[in-house]
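K.L.:
To start, I am sharing the structure in question, which I have written as structure tokens.
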Amino acid sequence: MAISIYKRRQPELTGLWQTVHRHWSTFEAQARAKGAPPPRFVERAFHKYLRCGILAHGFARVRCTSCGDDRLVAFSCKVRGLCPSCDGRRMVDTAAHLIDHVYPTVPFRQYVVTVPHWLRFKIAWDRKLFSVVHRTMMQALRAWMRARARRCGIRDAEVGATAHTHRFGDGLRMNPHVHFLYADGVWHQPDDAAPPQFAHLPKPTDADIADLARMLHHKIIAKLMRQGAIGQDDAAGELFALEQPLLAKCTTASMLDRVAIGERAGQLVWRVRTEPPEQKSSSHLCATFEGFCVHARTTVPALAR
């Protein structure tokens, strides 16, 4: 019965699932042979993902009381960051919550903030340090928005935003960075009796985004220096490499676009393209300063719910 159920579902399986199913056991065996097995949480995630959506690993029977029709719904793995199906459902649930209960009907602008490669190595496996960098980014963006409001004659302005952390970039390279979705304006209270009002700010210029990149650099570097994270040995990274050598090796290889283990270990990742890659502009509403990059070109109109 399990085999027939597996075969019935196989045409629906994604290319990612097939790739993991084909290569995970080999990867795991090679890592163990080298004395650096995958971390337990990584093993659990991959094993759960390989069982996701397959009826042989458990299901619920859903029946319609009106028409009598019933369906079998396979259990999902609920793995974060690996399973497209479970991540997609979680993404839709989060978006629905934000639209229904958080975001007001105002325009928004996305600010994507990335950090230099040397800092990515530090924050990739130091959660506390990443939190410090994340919080400093948020504070800098808030101060920058309020300064723009003051130039428009608005005092005591407040901003509204959400932040979403990504740990990867193009090609699934390890790249911890943050996507901020800020209301493209501020709230202010003309007088004590009136309710807060939203004021749309003028579109930022290239010079404004360049100033923001410089501000982020100065504030984050100053914060890291006060924290003692700059100018000292990377103790957190060294401890992580000792405790999880395989994960540290894969992280480093991912950042450098190299193969981590196997026959081609250390070599560049092969890439297959059917057409020339799209050229990405780095001028309009995008600025880089000392490795700190800000992209602010993407906007969402007020009624685009």
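The values are calculated or read from the model by the stated rules, or taken from the named source; none is laboratory data. These numbers were taken from a predicted model, which means no experiment stands behind them. Please note: Cβ atoms are built from the backbone with ideal geometry, for glycine as well, and neighbour counts cover all protein chains shown. The protein model used for the area step is the full one, side chains on, heavy atoms only, and it has no ligands, DNA or RNA in it. Shrake-Rupley method; radii C 1.70, N 1.55, O 1.52, S 1.80 Å.
One line per residue, one yes/no per condition, for (1) open to solvent by less than 30 Å² (accessible area, probe 1.4 Å); (2) more than 17 Å from the chain's Cα centre (by Cα):
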| residue | (1), (2) |
| --- | --- |
| Phe46 | no, yes |
| Arg51 | no, yes |
| Phe59 | no, yes |
| Cys64 | no, yes |
| Gly81 | no, no |
| Ile99 | no, yes |
| Tyr111 | yes, no |
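K.L.:
Take the residues in the stretch 91-140 that are free of Cβ contacts under 8 Å to residues at least 12 places away in the same chain and charged (D, E, K, R); name whichever of them is nearest to Arg80 (Cα to Cα).
P.N.:
For the stretch 91-140, the residue satisfying everything is Asp93.
K.L.:
So if I check each of Ala36, Ala96, Ala60, Ala124, which one is closer than 30 Å to Pro176 by Cβ, at pLDDT 90 or above and among the small types (Gly, Ala, Ser)? If you could, list the steps in order and put the result at the bottom.
P.N.:
Working: Ala36 fails: at pLDDT 90 or above; Ala60 fails: closer than 30 Å to Pro176 by Cβ; Ala124 fails: at pLDDT 90 or above.
When all the criteria are applied, what remains is Ala96.
K.L.:
A further question follows. Does the stretch 164-176 contain any residue that is under 30 Å from Leu16 (Cα atoms), polar (S, T, N, Q) and surrounded by fewer than 16 Cβ atoms within 10 Å (Cβ to Cβ)? Full working, then the answer.
P.N.:
Filtering the stretch 164-176 down to residues under 30 Å from Leu16 (Cα atoms) leaves 164-176.
Checking the rest, the ones that are also polar (S, T, N, Q) come to 165, 175.
From the residues that got through so far, the ones that are surrounded by fewer than 16 Cβ atoms within 10 Å (Cβ to Cβ) too are 165.
The answer is yes; a qualifying residue exists.
K.L.:
Using the structure shown, decide if Leu242 is touching a residue at least 60 places away in the same chain (Cβ under 8 Å) and either among the hydroxyl-bearing types (Ser, Thr, Tyr) or at negative phi (or both).
P.N.:
Numbers: touching a residue at least 60 places away in the same chain (Cβ under 8 Å): no; either among the hydroxyl-bearing types (Ser, Thr, Tyr) or at negative phi (or both): yes.
In short, no.
K.L.:
State whether one or more residues within the stretch 209-230 are part of a helix (DSSP H, G or I), on the phi > 0 side of the Ramachandran plot, out of contact with any strand residue (DSSP E or B) (no Cβ under 7 Å at 6 or more places or on another chain) and not charged (D, E, K, R).
P.N.:
Within the stretch 209-230, the subset part of a helix (DSSP H, G or I) is 209-227.
Next, only the ones that are on the phi > 0 side of the Ramachandran plot stay: none.
Within the stretch 209-230, not a single residue is part of a helix (DSSP H, G or I), on the phi > 0 side of the Ramachandran plot, out of contact with any strand residue (DSSP E or B) (no Cβ under 7 Å at 6 or more places or on another chain) and not charged (D, E, K, R).
K.L.:
Can you pull out the strands (runs of 3 or more DSSP E) entirely within the stretch 15-129 that have at least 1 residues that are closer than 30 Å to His200 by Cβ and in contact with an Asp or Glu (Cβ under 8 Å, 6 or more places away or on another chain)? Steps first, answer last, please.
P.N.:
Details: elements: 59-63, 70-74, 108-114.
The strands (runs of 3 or more DSSP E) meeting that bar are 108-114.
K.L.:
Those residues that are open to solvent by 60 Å² or more (accessible area, probe 1.4 Å), within 20 Å of Arg155 (Cβ to Cβ) and in a loop (DSSP other than H, G, I, E, B), I need them from the stretch 192-208; list them, please.
P.N.:
Asp192, Ala193, Pro195, Pro196, Pro202
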